[in-house]
Each structure stands twice: as structure tokens, then as C-alpha cells.
Amino acid sequence: MSATNSPQAEMPTSAVENPSRASVRLSVVIPNYNHGSLVGDAIRAFAQQEPAPDEIIVVDDGSTDDSLARLAALASEFPTLRVLAQEKNQGTVAALNRGLQAARGLFINFGAADDLTHPGLFKATLSALERHPEAVLACTEGLAVDVTRPDSAQPRPPIVPAYEEAYLGPGEVAGLLRYADNWLLAGTAVVRRAAIIDAGGFDPLLRSFADGLLFKQLALRHGFCFVPTVGMTWKISPSGYSRSEAADLSRSYEVMNLAIARMQADPAFPTWYPQLFERRWRFGLARIAISSQPMRKATLLQLARGPLGPIALNFAAALDGAVGRLIALAWFVLQERPMSLWALARTAWFRRTRSAQR
């Protein structure tokens, strides 16, 4: 069935559980906008998890394709599916908050209509949270696949926080930030819903970084669990939310500066971290520009630092191809020093050894 919400859903102001929610252990929230041809696969993958979620909430964000018709048919196939239809497109973050408001589970996962979860995701994360009740969330590894190159699957995060299931306390999380950043894949995270509500939900002003900053904040305050197993496939598209946001450099800088202001105002974040975060953010924008077809030379030149940067990047852009991209990437690695190369090498060795043992 479907329901229509008001133009701007109000966020819950308290984490106190409604008695009607007591029997719901796990909720999944999926924002959807014009992914009618894909959302069914995402729902099926969630429904086939063991344990399966008690409810799957799809927030349709004013789709103009046949999403609602497809979702209505899926609702008859999956009794746990709830569809919330927004009359107008309000953006992914508003859809996440709408789903958070409607969810009844003790735990919650935020999926994507065009991604796929792997079998065992919820078993791994929920088991870890049961063993470590002090943790606010649990997450796993994932695979990033460029939809324009289906054979391009790359493991994420580039640096794993642990080589076996582990709980990392707030101090250890702060230590992680010194040598790596993107160790928390939001799509694999199972989170205590009350903690998200207590934190105020997702900040719409942070756009595609709203979940990343919130989950990092929660991990720094309460600690988190990491399970080194692949829990999802993350499909990266040039028209996808995060890539579209990164293509607008001025908007990306606005989000970056706002995120830094939020970190500086939050004592959970180490005082040294915002400067390091800025370097990594710039590197992330550069990496996306380098991988674009064609390579986005103008963006790279805007991100360059020092007198030699434009020279090196003009040379790389003129070469283009694999060699040009490698030169550009190497330049930005040297310029921004985004992560520990030693930790990167250790993760690569861990994954190679694990693969050989299977």
C-alpha cells in the first residue's frame, strides 16, 4: 500500500519507543527516485537476508517513472514492504528522514534502490551488535562497481579497520582517522535507531555526506563494530547522487566547509581532524574527476596546489588514457597524502590472503 506524507516530514524529537514498535527488531529504509527498474532487485535482496528485516520501507521521492506501479505489485509479493509516496521530489536526505520517522525497528539500515545487499549482511552485523551492546552500529566491507564498467569491482573500504570482527571504542575510532577515513560504508551499516533520532537525524544541508558525517559522529561517541566480510555491492553511476554532487565543485566546497564547521563544534571529533578531512575531501574530488570520461581537467586544475600542480596536471590531461590518469592520481596522492600507504598495503595483503584461503 502507499501513503502520502506532508511536504516536509517532521523529525521525531525523542528516542522513547512506542509500545507498538516493541516487536520490530530491524527496519530497512530505501529512498527511491526513478529507479523503478532496479528497486525490485534491491527489495528482493533485503527480503532474502537471514534474518530478514521485519519491515522494508521504500520512500518514493516523487518519481516520474513507473516506480509506484512496480512498488504496488511488489507490496503484494512482500508483506513486510511499506511504500511511502512523496508528492514532490524533496531529495534523498528528506527521504531518509521520512523513512527514519516511519521506521519501528530497534535497529535500522538505510539502503539504496540501485544497490544490492549480499547474503549474510544482517546476520553478521546484528550478531556483532548483540555481542557488543556498547556499540552504536555495525558495518562490513562492500564492492564498488562502476556501472559503465561492470568488471570493475573494487573492494571497499580501501583500508579495513580490523581483520576480524571487532568492536572499536571511541578512542580507537579517533585513532583510525589518523590513517584512513572511508572505513564506514553507510549502506552496510546497521544502526541503533534511537541513537540516530537522539542525534537529530540526517542534516539536509550536508546533502550526500549527511549519512557519512552522522555515522562517523556516532562511532566517535559510542564506538562501532566492523565485520570483514562483503555485505553489499555499491553501484557507482555518473548520474548517481554522490557523483552528481561531486561534479559541482562549488557545491562540494560548501558541503565540505559546513561539515568542517560541524566537526569543529562537536567535541567528539579530534581537533586535528578537520584539516586532515579537508585534504581527503579534495583528494576524493580529484579521484572522481580523474576517473571521469573524459578526465575533468578544469576541476583538477582548480584542486591543484602550488606552482607545479597546474604543470603536472596539464601534462597528465594532455596524455589522458591510463598513463595520464596514473600521473594525475600520483600527483594528488603526493599533494594531499590522503591515507597511510602502509595500512593500504596491509589491507591489500589481508584481502589477497583471504581470497587464496577460500
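The values are calculated or read from the model by the stated rules, or taken from the named source; none is laboratory data. Model, not experiment: these values are computed from the prediction. As a convention, Cβ positions derive from the backbone with ideal geometry for all residues, glycine included, and neighbour counts pool all protein chains shown.
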Residue pairs qualifying under the 9 Å Cβ cut-off, at least six apart or on distinct chains, with the first in segment 74-102 being free of Cβ contacts under 8 Å to residues at least 24 places away in the same chain and the second being crowded, with 17+ Cβ neighbours inside 10 Å and among the β-branched types (Val, Ile, Thr), are Glu77/Ile43
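Residue by residue, here is whether (1) outside the structural domain of Pro31 (by TED's automatic domain parsing); (2) among the small types (Gly, Ala, Ser); (3) assigned to a helix (DSSP H, G or I) holds:
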residue	(1), (2), (3)
Glu130	yes, no, yes
Val145	yes, no, no
Tyr167	yes, no, no
Gly171	yes, yes, yes
Arg178	yes, no, no
Ala210	yes, yes, yes
Phe226	yes, no, no
Condition (residue is over 20 Å from Arg193 (Cβ atoms), of a type in the set (Gly, Ala, Ser) and more than 20 Å from the chain's Cα centre (by Cα)) applied to segment 90-105: is it met by at least one residue? no
Per the list (1) free of Cβ contacts under 8 Å to residues at least 12 places away in the same chain; (2) under 27 Å from Ala348 (Cα atoms); (3) of a type in the set (Asp, Glu), residue check on Glu141 breaks on (1)
Contact list please: Cβ distance under 8 Å, first residue in segment 268-286 and under 15 Å from Leu258 (Cα atoms), second residue of a type in the set (Phe, Trp, Tyr) and buried (at least 20 other Cβ atoms within 10 Å of the Cβ), pairs at least six apart or on different chains. Arg282/Phe332
Looking at Ile260, Ile290, Ile311, can you tell me which residue is assigned to a helix (DSSP H, G or I), surrounded by fewer than 17 Cβ atoms within 10 Å (Cβ to Cβ) and of a type in the set (Val, Ile, Thr)? Ile311
Go through (1) touching a helix residue (DSSP H, G or I) at 6+ places or on another chain (Cβ under 7 Å); (2) within 21 Å of Lys216 (Cβ to Cβ); (3) not small (Gly, Ala, Ser) and name the single condition Leu116 misses. (2)
Within the group Leu74, Leu38, Leu100, which residue is buried (at least 22 other Cβ atoms within 10 Å of the Cβ), part of a helix (DSSP H, G or I), of a type outside the set (S, T, N, Q) and modelled with pLDDT of 95 or more? Leu100
Out of everything in segment 158-193 that is without any contact (Cβ under 8 Å) to a residue 60 or more places away in the chain and touching a Leu at 6+ places or on another chain (Cβ under 9 Å), what residue ends up being farthest from Gln293 (Cα to Cα)? Leu168
